[in-house]
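Just so you know, all these numbers are worked out from the coordinates, no wet-lab data involved. Keep in mind the model is a prediction, meaning the values are calculated, not measured. Glycine gets a Cβ as well: all are built from the backbone with ideal geometry, and neighbour counts include every protein chain shown.
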Amino acid sequence: MTPFLEVKDVRKAYGAIKAVDGVSFDVGPGEIVGVIGPNGSGKTTLFNSILGQIAPTSGHVEFCGEDITGMSPLELSRRGVGRTFQTLQVFVKLSVRDNLIAAAQEFKGTLGGRLFAKPDAGLGDHADQMIELFRLKHVAHLPAGSLSYGQQKLIDIAMAFMAAPRLVLLDEPCAGVNPSLVDQLHDRLVELNKTQGGSFVVIEHNMDFIMKLCPHVICMVEGKVLAEGPPAQVQGNRAVLEAYLGN
Amino acid sequence: MNAQMKTGILVASLVVVAVVASFAKRSDVYLLTLYCVYLMATFGLNLTVGYAGQMSLGQAAFFGIGAYVAAIALKAGVPFLLVLPISAIACFVVGLALGFPALRVQHHYLAFATLGFNVLVYLVMRNEEKLTGGTFGISGIPRPSLFGVSFDGPLAFFFFTFVSLIILAFFLWWLLRSPWGRAFAALRDNPIRAESLGVNITAYTLLAFAIGAACAGIGGVYYASLVEFIEPGPFHFSTSLTMLLAVIVGGSGRFFGPVIGTIIIILLPELLRSTNVSWLKFMQTWYLAVFGVAVVALMIWLPGGILSIGDRFKSKEVAK
């Protein structure tokens, strides 16, 4: 399978601390890859290095054969790369529906053209479908900031998929979400993977979730890839167990 | 309240203002016109600060640039209909330039950057005598005359300003309802997320400053025609603070926030000062102190501005 995303020997150091230390991996089209590892293992720094939030010290990132190393988040979003953040990142004063429209409207026409576009930028129906998919219909017109953490997390994730990106990097989508919503989230992601056909890279601490969702898992420890492969194989890896539980 | 009711209330309010102005004495007509002029500037500031989340303490500078461009051009015989876009474009361009610091700094740092800009513009107005008349200012600024109709009289000029304000407000309402309005809100609420979703935060930040500045410039044009004499005083940074106060007191990021806020800062002190109610006579000397206390109390009780009062009661209902 031709790689869709290629991460080649990415390093990020803060002085003497090597937050990411030579990480390489590939993601194929439509593939879902999980990234696990104890706190402080460099997962989010790796994400931020891939996604232009911080500049990697060295290494390369290629997306569909193009070198995207150090590109700004804006340039990446225009190439079809979406993301969610570890903490909630919704537009608190906008309604749920407006949050979803805002997440995709900038991909419709030109800046000048959008001034004269319909208020919903022609995305109303799509936003309603996403609201339906994420079971948010009863709160669609409420300000996102007035909703529960779990509901905001669903909005946050739904926003990342509104523009049908080709690659989405999800940073701890289950963090702070109650168990019933975790199952719902799993189902929604599987459905989006089928319908939109994009590739996902998912950082997560919830092992059940990641083992169920991702056919390929990477385990990071101290900035390096410790193990990778099918979930069962990684889960049974002695070094991985030691990294999580100690000797 | 449905949209039809809201539109009905709005139209009725506009009619009431027009009727009140028609029967008001000359000084009150002047005050109402001054209110309309300031509202043009605070509407623009609300876009910059309230909708796009960019702090600005430089709105009076744009108000001044608009006024001086208008004064110079009108005295040179340039038609008012040409002066208006010239002033708006001049302020738009300067506003774009002032937007650049906002790409690097935010919040109180940005406030000081814009304040510095206001001080700079004020000094140019005061010291560049050949262009601005310095502290002597520019006098004899003519009032507009369009298609043979003169707006020289106080009431005629009020209605001219009032209609212009309605047109400007409609334009801003339309703009904020468009996807641009949503992008401004995204920029205000979470610029990092906005950028990751393809929002060009550079473009929208600059536009927020430029459009807000153009509104102030338009207000400045009407101000110059209203007072017929301008000097640097009204464009001091203290006016920028007053304008920001109007936006915050009314309800920052709410369309009608400046409408209420500008009443508080322009009309309320005058109403207090000129009251004839016997037990309120003390206001004639104490009006500024009472005004100050009222603003402090309001900010403690309603930090989201007067128009947030509905939300406050709603949240109390939810809490019950």
The size of the Cβ-based charge dipole (Lys, Arg +1; Asp, Glu -1) of the stretch B:17-235 about the Cα centre, to the nearest 20 debye, is 260 debye
Of the candidates B:Leu244, B:Leu34, B:Val49, the farthest towards the positive dipole end of the protein assembly as shown (Lys/Arg Cβ +1, Asp/Glu Cβ -1, centred on the Cα centre) is B:Leu34
If exposed means GluC sites (Glu not before Pro) lying in a DSSP loop and surrounded by at most 16 other beta carbons within 10 Å, then the longest stretch of chain B lacking such sites spans residues B:1-127
Computed Rg/Rh for chain B (Cα atoms; Rh = Kirkwood radius) stands at 0.97
In debye to the nearest 20, the charge dipole size for the protein assembly as shown, taken about the Cα centre with +1 at each Lys and Arg Cβ and -1 at each Asp and Glu Cβ, equals 1380 debye
Whole-Å distance linking the alpha carbon centroid of the stretch A:8-59 with that of the stretch B:7-28 is 63 Å
The stretch B:100-236: spread of alpha-carbon positions along the three principal axes, whole Å, largest first, is 53, 36, 19
Here the tail fraction of P(r) beyond 37 Å, over all Cα-Cα pairs of the protein assembly as shown, rounds in percent to 43 percent
Whole-percent tail of the Cα-Cα distance distribution for the stretch B:187-243, cut at 17 Å, equals 55 percent
Ranking B:Gly137, B:Leu123, B:Ala208 by how far each Cα lies towards the positive end of the charge dipole of the stretch B:17-235 (+1 on Lys and Arg Cβ, -1 on Asp and Glu Cβ), the top one is B:Ala208
One quarter of the C-alpha convex hull surface, i.e. the mean projected area of the stretch B:223-320 in nm², amounts to 8.7 nm²
The pairs in A:Lys8/A:Lys118; A:Lys153/A:Lys224; B:Lys25/B:Lys281; A:Lys43/A:Lys93; A:Lys43/A:Lys118; B:Lys25/B:Lys314 lying past 32 Å Cα-Cα in this model are A:Lys8/A:Lys118; A:Lys43/A:Lys118; B:Lys25/B:Lys314
For the stretch A:6-70, the dipole about the Cα centre with charges only on Cβ (Lys and Arg +1, Asp and Glu -1), to the nearest 20 debye, works out at 400 debye
Longest chain B segment clear of chymotrypsin sites (Phe, Trp or Tyr not before Pro) sitting in DSSP loops (not H, G, I, E or B) with at most 13 other Cβ atoms within 10 Å runs B:1-146
Of the convex hull drawn through the C-alpha atoms of chain A, the volume per residue in Å³ is 132 Å³
Scalar couplings 3J(HN,Hα) for the stretch A:92-99 by Karplus 6.51 cos²θ - 1.76 cosθ + 1.60 (θ = phi - 60°), nearest whole Hz, x for Gly and Pro, are 4, 8, 7, 5, 4, 4, 5, 4
Each residue of A:102-110 has, on average, a number of other protein chain C-beta atoms within 10 Å of its C-beta equal to 5
Computed on Cα atoms, Rg of the stretch A:171-227 relative to 2.2 N^0.38 Å comes out at 1.19
Dividing the helical contributions, -39500 (n - 2.57) per DSSP H run of n ≥ 4, by the residues of the protein assembly as shown yields a 222 nm value, nearest 500 deg cm²/dmol, of -17500 deg cm²/dmol
